[in-house]
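Nothing in this text is a laboratory measurement; each read-out follows from the coordinates by a stated rule. Quick caveat, the model's predicted, so the values are computed rather than measured. Cβ sites come from the backbone with ideal geometry, for glycine too, and all protein chains shown count toward neighbours.
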Amino acid sequence: MPKRIRNPLLSRSFQRTLTDMTRTAMRAGSKAMTQAFRPRRPASAKKTAVKTAPSFSAQWSTGFAAGAAGALRYRLFKPAGVRRSERLPLLVMLHGCGQDAQALAASTRMNQIAARERFLVLYPEQNRLSNMQGCWNWHQTRSGKAQGEAGAIAAAIDQICLTQPVDPARIALAGLSAGAGMAALMATRCPERFRAIAMHSGIAPGVAHSSATALTAMRGRRVAAPLAPMAAGVHLPALLVIQGSADHLIAPSNGVEAVRLWAAQEGAKAGLPRTVQRGARYPANITDYRSAGRLVATLCEIVGLGHAWSGGTGSQTYSDPKGPDASRMIWAFAARQFANAAV
């Protein structure tokens, strides 16, 4: 990676600007897993430009959250017609390298699902001063950079919980690639905070601690260290791993490693794998891991999928419309965990 030369005057000016914007906090801007494999209805509406607000009556806003690592920009989707007495689930979506919040929203179309199912979607955005490629530094645990970014994301979640009608008992976290790595790291740091975690084409926590080890891990040449013991009664949130068999950036073995880590921590055993395919979409091999009947992790290995959001918008990068709909899979998975927790 080429060395970046920072302009200290520009950095200070940028931070002052972010601080001013943070003070305003928010400003308005513009049935199960198998259902995810059903062919999508053909689009009849004209394509919307990436930088426009959603095409339905809802709120698509921009905000800034201040944390120990600095100010973090985010986008928030809020469905229409939320009543004062309502408390809605929150899904936090972390983008991958080369993306931003808007690109991930356009690729996944998660806002459309949120409008229909009535939940909020928070899209934290990496600061390009922290990573030139827009990657979350999930692997920089030795330097503390990863923990700092995780804290900034947590601060954004706190802010949304304070200012929006969020049910704090129904929060899920999902990410793509580097975002998946950060999501998994956050799950191990504060497991009681999330009901479900979804890793799409990512790497398990503890596999890497620097840029060099991250590159080795991406090739599938590292094994995660066991997670630290947790307090009595504390469990990891249920994990959904979506991984393509043709991913040449993140070796497919990383998906297996992530569920292995969760299963080892929770004492879970793998069930019999099943294959699901709908229409001409890529087939998926699905394996559930359970402990005393409780779902600990689900591994969804999609045959033929590369390093891309499965079932995503074809016009977006890192997006493959030929795969099963990962967005629907993730929401179905999270919704089941919310329902189980309420019993």
Legend entry - Sorted peptide list for 140-151, 228-239, 322-333, criterion being average Cβ within 10 angstrom, highest first: 322-333, 140-151, 228-239
Legend entry - region 172-273: proportion of alpha-carbon pairs further apart than 18 angstrom, %: 42
Legend entry - Volume of the Cα convex hull of region 204-343, divided per residue and given in Å³: 125
Inset, instruction - Take Val82, Val241 and order them by how many other Cβ atoms sit within 10 Å, fewest up front. - result: Val82, Val241
Inset, instruction - Binning at 10 Å from 0, report for region 105-171 what percent of all alpha-carbon pair distances ends up in each bin. - result: 18, 39, 33, 10, 0
Inset, instruction - Would you please put 280-292, 199-211 in order of how densely packed they are, using the mean number of other Cβ atoms within 10 angstrom per residue and starting with the highest? - result: 199-211, 280-292
Legend entry - Radius ratio Rg over Rh of region 196-243, counting only Cα atoms, Kirkwood formula for Rh: 1.03
Legend entry - region 54-178 - Rg and Dmax from Cα coordinates, angstrom: 14.3, 45
